[in-house]
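The values are calculated or read from the model by the stated rules, or taken from the named source; none is laboratory data. All values derive from a computational prediction rather than experimental measurement. Methodologically, a virtual Cβ is constructed for each residue, glycine included, from the backbone with ideal geometry; neighbour enumeration extends over all protein chains shown. The protein model used for the area step is the full one, side chains on, heavy atoms only, and it has no ligands, DNA or RNA in it. Shrake-Rupley method; radii C 1.70, N 1.55, O 1.52, S 1.80 Å.
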Amino acid sequence: MSVVWKSALGLFGVLLGTWLSPAAAANLATATIVAGEAQLVRDATRHALAEGVRLAKDDIVETTAKTLFVRLEFTDGLIVDLGPESRALLSPRFSGERARQASRLHLLRGTAKLTVPKPLTPAAASFTAPGLDVTGVARSAVFAVQGPELQVFAESGEVTLQERRAGKVTAKATVKNSEFYSRGADGKATSAPRPSGAFIQKLPRAFMDSLPSRAATFASRDVAPKPLADIGYAEAEPWIDAEGLRAYFVTRWKPLAQNPAFREGLVANMANHPEWDRILFPEKYLPKPAPASAPSYGK
């Protein structure tokens, strides 16, 4: 076989591997605007997020205090804008009571704006946050999550949602056009005809603007994210302790338990994630040997 032919086959193999890679095959969305610092966590590795990076199931997008905002455009047209200091997981895999809940994205903390262009239906914007399932967004809505506190602004059209406690649905609500729904640290929910001025002032200015889609700009461009380093325990802990996602992250980040620093963090905070005890100390869960039977003596 000629050198040229071998080279051609080699190049074909590289291209085929790219075409058939999991990320390429399962492309869900593209980062079309990255204004400021932002990171992508894929598997257990942190990457620098850049415009044109395609996102797949299980990807985590995180912004920092230096981020202005990040836009994610899904392949069906759904648009998700993230504000500073936000953490979001694509296609979360819940366990327990929430296992059947559909969700395009789980907002662990921070701010997000969902825009549902026509002809998508409200159900296309299925979305979750701690203690909350959003089952429909008519046109656009803004969400803010900080610990147990939650705020929802139905910017255009209705938002349907359900509250959860200990994984179980405890209440359902419809936030009508322009209304403001808020849940305090005490778990009590209130509604108002309009959002407060303080809420609006905290939002990225881009949330108030109507920016056109940029998906077409990146349709033929696949930008590779730049790897930075493995995720550390402090960065992973909020996800490890997230309600409904604990079992998923045990499976996903089990190999990180071999990292001494990561293991040390897990052990020091075991009370917050006891499911990791079996991973770190499997010898404690080995079957106990049957007690030896007493010898029998014939008469």
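The table below gives the values:
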{"item": "Residue pairs meeting the criteria (Cβ under 9 Å; at least 6 apart or on separate chains; first touching a residue at least 12 places away in the same chain (Cβ under 8 Å), in region 110-123; second crowded, with 23+ Cβ neighbours inside 10 Å and assigned to a helix (DSSP H, G or I))", "result": "Leu114/Ala125; Thr115/Ala125; Val116/Ala125"}
{"item": "Enumeration of residues in region 149-182 that are open to solvent by less than 40 Å² (accessible area, probe 1.4 Å) and on the phi > 0 side of the Ramachandran plot", "result": "Gly157, Gly167, Ser178"}
{"item": "From the options Thr190, Thr160, Thr170, residue that is hydroxyl-bearing (Ser, Thr, Tyr), within 21 Å of the chain's Cα centre (by Cα) and under 19 Å from Ala129 (Cα atoms)", "result": "Thr160"}
{"item": "Number of positions in region 54-93 that are in a loop (DSSP other than H, G, I, E, B), hydrophobic (A, V, I, L, M, F, W, C) and out of contact with any helix residue (DSSP H, G or I) (no Cβ under 6 Å at 6 or more places or on another chain)", "result": "2"}
{"item": "Scan of region 111-126 for residues that are farther than 14 Å from Asp76 by Cβ and either open to solvent by less than 10 Å² (accessible area, probe 1.4 Å) or assigned to a helix (DSSP H, G or I) (or both), ordered by number", "result": "Ala112"}
{"item": "Residue within region 162-177 that is part of a loop (DSSP other than H, G, I, E, B) and modelled with pLDDT of 95 or more present", "result": "yes"}
